[in-house]
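Nothing in this text is a laboratory measurement; each read-out follows from the coordinates by a stated rule. Everything numeric here is computed off the predicted structure, so don't read it as measured data. We place every Cβ from the backbone using ideal geometry, glycine too, and count neighbours over all the protein chains shown.
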Amino acid sequence: MRMSHSGCTGAFVDARNLFDTRTTSRLVRLEWSVALAVSGVAALTHLSEIRWWLFVSLFLVIDLIGYVPGAIAYRRSPAGLIGRGYYIAYNLMHSLVTWAVFAGLWSWLVGAEWALLALPIHLLGDRALFGNTLKPFGVPFEPATHPEFETFQRAYEGKVSDAVRV
């Protein structure tokens with residue numbers, strides 16, 4: 001146990017302890033929700049200017065390449081074990097960096113357009129609505145609590161007496 005900066009004892013949740021408590025997870029999702037709302041409002045205010053075939057294509061390609069193949073492989077695997085390539089495809093296709101570069105190049109080469117809002121709407125929706133972020137190799141492809149994390153979480157929650165429960 002270490003003394004925190006606030007004078008309370010407990011474990012730190014910071015850049016060296018990479019996990020969220022239930023409360024910090026909800027707060028992060030709230031932040032993603034605000035960004036999703038801003039993107040959604042931008043799309044709604046420019047509905048007539050959106051090239052819908054492109055919007056739908058961009059929205060779908062993220063999961064058609066990044067999620068669906070891994071989900072199928074995961075469901076077909078009796079042990080739920082799939083190759084790292086599925087994780088890499090998921091993370092590449094669900095990366096804000098990937099699509100920021102894509103949107104920047106598209107805007108430079110083709111021209112900026114409102115259909116590109118499909119990208120943040122999809123990615124922010126995954127994070128805000130479903131809590132999905134990039135997938136580490138050591139956890140199941142589909143969301144499931146890792147037994148060791150569950151043990152850690154129970155121990156952590158049992159020791160943090162100054163935490164606010166939401």
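A few points about this structure:
- Whole-Hz Karplus values for the range 58-73 come out as 5, 4, 7, 4, 4, 7, 5, 9, x, 10, 4, x, x, 5, 5, 4 Hz, taken residue by residue from phi with 6.51 cos²θ - 1.76 cosθ + 1.60 and θ = phi - 60°; glycine and proline positions read x.
- Each of L64, L116, L109 was scored by other Cβ atoms within 10 Å of its Cβ. Listed from fewest to most, they are L109, L64, L116.
- Reported label for calculated semi-axes √(5λ) of the Cα gyration tensor in Å given [x] 35, 23, 13; [y] 22, 19, 15; [z] 34, 16, 14: [x]
- Stretch gain in nm, segment W52-T98, where the contour uses 0.36 nm per residue and the Cα spacing is subtracted: 14.4 nm
- Rounded to whole numbers, the Karplus 3J(HN,Hα) couplings from phi for the range 28-45 are 5, 5, 5, 4, 4, 5, 5, 5, 4, 4, 4, 5, x, 5, 4, 5, 4, 6 Hz, using 6.51 cos²θ - 1.76 cosθ + 1.60 with θ = phi - 60°, and x at Gly and Pro.
- Relative contact order (percent, whole number), the range 68-166, Cα cutoff 8 Å, 6+ residue spacing: 32
- Sequence-ordered 3J(HN,Hα) estimates for the range 79-94 from the Karplus curve with 6.51, -1.76 and 1.60 and θ = phi - 60° stand at 9, x, 9, 9, x, 4, x, 5, 5, 5, 4, 4, 5, 5, 6, 9 Hz, glycine and proline given as x.
- Computed FRET value (nearest 0.05) for F19 with R84, which takes r as the C-beta separation and R₀ as 22 Å: 0.50
- Computed over the range 51-104, the convex hull of the alpha-carbon atoms projects to a mean area of 4.1 nm².
- Separation of the S77 and V28 label points, Cα + 7 Å toward Cβ, nm: 2.3
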